[in-house]
Amino acid sequence: MMSIQNISHSETPTSFTIVIPTYNEESDIGITLEALSALEYSNFDVLVIDDSTDRTPEVVGKFVDERIKCVRQTRGSGRSAARNQGILVADGDVVVILNADVHLPSDFLLRLDKHYRQGADYVLVESEVTNIDMLFPRYIQSQHRLYYGPDTKVNMNWTEGFSCRRSAAIAVGLFPEGRSDPLVAGEDGWFGELLESNGYTRVFDRSIVVSHIMPTETIEFFAQRVGRGQGVAQIWYQRDNISMIVLLLRTLRQTSFMLSNLMFCIPIARQSWRLLWHSPRQLNDFIPFLVASGLESLANVIGIWLGLIEAWRDYKIDAQGDLE
């Protein structure tokens with residue numbers, strides 16, 4: 001069902017609620033909130049939905065801006081559940097879904113307001129990694145430019161700085177949260193696909209650019225990529241509704257592909273060569289990108305196996321329920 005707002009232009013300024021799920025983000029959340037306090041727009045508030053064990057709530061509490069509130073996460077676990085909790089209690093007509101390490105330009109809401117007044121139901125924007133003086137952020141930014149940059153024609157339904165009408169988010173059933181374990185990756189693209197399949201109006205404004213930071217340490221990068229791999233398996237099983245046998249076959253195929261990549265290096269070398277032309281260091285990044293690509297391939301496959309194990313647990317729970 002399409003929102004009635006996209007039938008005619010609105011003269012009323014859009015009200016926004018910015019929802020930020022946090023889990024141990026004490027080192028990032030302060031800079032993000034400083035950027036939000038500097039926004040050139042008055043009709044918005046910020047909900048930090050927190051499930052941290054560190055000092056994140058204290059950092060948020062130091063901000064005297066009354067528009068910023070920190071709420072303890074009480075709905076389920078994981079990022080999707082936190083987002084959904086924020087959406088359900090949001091006062092704004094439009095919700096901006098923000099990660100704790102994403103920084104908005106001061107005119108961000110002013111420019112979004114134009115799109116929503118003209119009938120948009122959800123808006124995608126461009127993003128860029130800022131800490132590209134370090135290898136892994138530079139590698140990830142180069143990937144973004146190669147696969148999702150302005151020159152690509154990929155059909156995207158999710159970006160950093162994503163926003164949508166609150167009514168649309170609720171109408172499509174909110175963010176998928178997962179089953180026995182929370183979805184760790186891919187849930188945002190799935191949510192965007194739900195909006196698209198239900199006929200909501202999308203706007204992709206690449207002239208609006210948000211910045212964010214990425215992990216710099218090897219262990220952080222590896223853990224993030226393991227999560228991406230696990231999310232792939234979760235999406236295969238839960239969204240695509242494939243059988244355990246098909247999931248196992250896909251996992252074995254990905255494992256075989258990864259092993260051949262690591263053994264022969266040609267596919268990894270080819271990818272590194274393509275990526276380095278999107279790096280400010282270009283040829284100097286060939287060997288570093290080769291290493292990063294190999295680590296990413298290994299981490300993704302480990303994550304897919306973790307997702308397979310999780311799916312097997314869900315399968316057994318479902319089978320037990322059928323017997324009862």
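State yes or no: is LEU39 surrounded by 19 or more Cβ atoms within 10 Å (Cβ to Cβ), in a loop (DSSP other than H, G, I, E, B) and at pLDDT 95 or above? Against the criterion (surrounded by 19 or more Cβ atoms within 10 Å (Cβ to Cβ), in a loop (DSSP other than H, G, I, E, B) and at pLDDT 95 or above), LEU39 qualifies.
Being within 17 Å of the chain's Cα centre (by Cα) and in a helix (DSSP H, G or I) is the filter here, so list the residues in the range 171-195 that pass it. Result: GLU187, ASP188, GLY189, TRP190, PHE191, GLY192, GLU193, LEU194, LEU195. Annotation: ASP188 fulfils all but one of (1) under 22 Å from VAL172 (Cβ atoms); (2) surrounded by fewer than 19 Cβ atoms within 10 Å (Cβ to Cβ); (3) of a type in the set (Asp, Glu); the unmet one is (2). Looking for something within 30 Å of ARG313 (Cα to Cα) and of a type in the set (A, V, I, L, M, F, W, C) - is there at least one such residue anywhere in the range 203-213? No: zero hits. Within the range 269-290, the residues that satisfy the criterion of being touching a residue at least 60 places away in the same chain (Cβ under 8 Å) and closer than 24 Å to SER256 by Cβ are ARG274, LEU275, PHE289.
So is GLU296 closer than 29 Å to ASP101 by Cβ, buried (at least 20 other Cβ atoms within 10 Å of the Cβ) and of a type in the set (Asp, Glu) or not? The answer is yes for GLU296.
Matching residues to (1) more than 15 Å from the chain's Cα centre (by Cα); (2) surrounded by fewer than 21 Cβ atoms within 10 Å (Cβ to Cβ); (3) assigned by TED's automatic domain parsing to the domain that holds THR74; (4) within 30 Å of ARG117 (Cβ to Cβ):
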site: VAL154; (1), (2), (3), (4): yes, yes, yes, yes
site: TYR237; (1), (2), (3), (4): yes, no, no, no
site: SER243; (1), (2), (3), (4): yes, yes, no, no
site: GLN254; (1), (2), (3), (4): yes, yes, no, no
site: MET258; (1), (2), (3), (4): yes, no, no, no
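Restricting ILE132, ILE49, ILE87 to those that are touching a residue at least 12 places away in the same chain (Cβ under 8 Å), assigned to a loop (DSSP other than H, G, I, E, B) and among the β-branched types (Val, Ile, Thr) reduces the list to ILE132. May I ask you to verify whether ASN99 is assigned to a loop (DSSP other than H, G, I, E, B) and in contact with a Ser or Thr (Cβ under 9 Å, 6 or more places away or on another chain)? Yes, satisfied.
The values are calculated or read from the model by the stated rules, or taken from the named source; none is laboratory data. Predicted model only: the values in this text are computed from it and were never measured. All Cβ positions, glycine included, derive from the backbone under ideal geometry; neighbour counts span all protein chains shown.
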